[in-house]
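Peer 1: Okay, handing you the structure first.
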Amino acid sequence: MADPYGVAGSPGMVRLRGEIDLVAAPHVRDAILSTEVTDGQREVIIDVAEVTFMDSSGISGIVSARRALQAQGTALWLDNPTEALQRVLALVGLDGLLLRQATPVD
């Protein structure tokens, strides 16, 4: 699935690119919650490596999708965030909620 808002999805994975703002946020949320992505999955990973901007609407859409998935027993994580996005998530206190913490390698 691909759309003009930079969303591509497959089972258990959504890839975002570009600006995730007020216009794109509802489309991102819908893509995350689509049965194509969530059906039979215990976790959904959102690859944000190509996200160039995310405002509060984008963050809110992802948090809303996370809550809906959590109610179904499905986890949601952001993967490959840029340093800028990591800082934004830390500033709003969501880094621990949305970013999977690295596991030390023995």
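Derivation of every value follows stated rules applied to the coordinates shown; laboratory data play no part. Quick caveat: nothing in here was measured; it's all calculated off a predicted structure. Note that we place each Cβ from the backbone using ideal geometry, even for glycine, and neighbour counts take in every protein chain shown.
Peer 1: Considering ALA49, ALA68, ALA8, which residue is farther than 16 Å from VAL92 by Cβ, exposed (fewer than 14 other Cβ atoms within 10 Å of the Cβ) and of a type outside the set (Val, Ile, Thr)?
Peer 2: On the way: ALA68 fails: exposed (fewer than 14 other Cβ atoms within 10 Å of the Cβ); ALA8 fails: exposed (fewer than 14 other Cβ atoms within 10 Å of the Cβ).
After applying the criteria, what remains is ALA49.
A quick yes/no check of all residues on (1) assigned to a strand (DSSP E or B); (2) among the hydrophobic types (A, V, I, L, M, F, W, C); (3) over 19 Å from ALA8 (Cα atoms):
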| position | (1), (2), (3) |
| --- | --- |
| GLY58 | no, no, no |
| ARG67 | no, no, yes |
| GLN70 | no, no, yes |
| GLY73 | no, no, yes |
| LEU89 | no, yes, yes |
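Peer 1: Considering only segment 61-99, how many residues are hydrophobic (A, V, I, L, M, F, W, C), under 11 Å from LEU33 (Cα atoms) and over 10 Å from the mean Cα position of the chain (by Cα)? Give the derivation first.
Peer 2: Here is the first cut: in segment 61-99, the residues hydrophobic (A, V, I, L, M, F, W, C) are 62-63, 65, 68-69, 71, 75-78, 84-85, 88-92, 94, 97-99.
Pick out the ones that are also under 11 Å from LEU33 (Cα atoms) and you get 62, 65, 68-69, 76.
The next check asks that each one be over 10 Å from the mean Cα position of the chain (by Cα); those that pass are 68-69.
Selection size over segment 61-99: 2.
Peer 1: Only one of (1) more than 17 Å from LEU94 (Cα to Cα); (2) exposed (fewer than 15 other Cβ atoms within 10 Å of the Cβ); (3) under 12 Å from the mean Cα position of the chain (by Cα); (4) of a type outside the set (Lys, Arg) is not met by THR35, so which one is it?
Peer 2: Every condition holds for THR35 apart from (3).
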